[in-house]
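As structure tokens, the structure follows; a few thoughts come after it.
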Amino acid sequence: MIKHIVFIKLKDRSPESVAATVAVMRNMEGKIPELLSIEVGADILHSERSFDIALVTLVPSLEGLQAYQIHPVHKEVIAHINEVKELSITVDYEV
């Protein structure tokens, strides 16, 4: 299995902006067959070095990760993130 983790820092770090983006990301739940689990959380510390949102997903394999990446629902999320993000980082590893 592959764990896919993304951290996102938004241009607009207001609670409303964070909540809207969290909602967009949570919208993937149950809509992408390859997603075995999805967890989306908003930062609670709000420090200068904090990222605003964390996404943690689990997919069955590298092939599953590739299928997830090109799924239309995920592409909608990527389009939204690309509009609102200041910076994002990711890590993928086998579990």
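Laid out as a table, the results:
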{"quantity": "Cα centre as origin, Lys/Arg/Asp/Glu Cβ charges: the chain dipole, Debye", "calculated": "80 debye"}
{"quantity": "Kyte-Doolittle mean at least -1.0 and Cα axial length at least 18 Å: DSSP H helices in the chain", "calculated": "72-84"}
{"quantity": "Distance cut-off 15 Å, percentage of C-alpha pairs in the chain lying past it", "calculated": "58 percent"}
{"quantity": "Per residue solvent-accessible surface (Å²) - the chain, probe of 1.4 Å", "calculated": "61 Å²"}
{"quantity": "Carbon and sulfur %, accessible surface of region 1-43 computed with the full protein complex present, 1.4 Å", "calculated": "55 percent"}
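The values are calculated or read from the model by the stated rules, or taken from the named source; none is laboratory data. On a predicted model such as this, the values are computed, not experimentally measured, just so you know. All Cβ positions, glycine included, derive from the backbone under ideal geometry; neighbour counts span all protein chains shown. Keep in mind that these areas ignore ligands, DNA and RNA; they rest on the heavy atoms of the full protein, side chains included. Shrake-Rupley method; radii C 1.70, N 1.55, O 1.52, S 1.80 Å.
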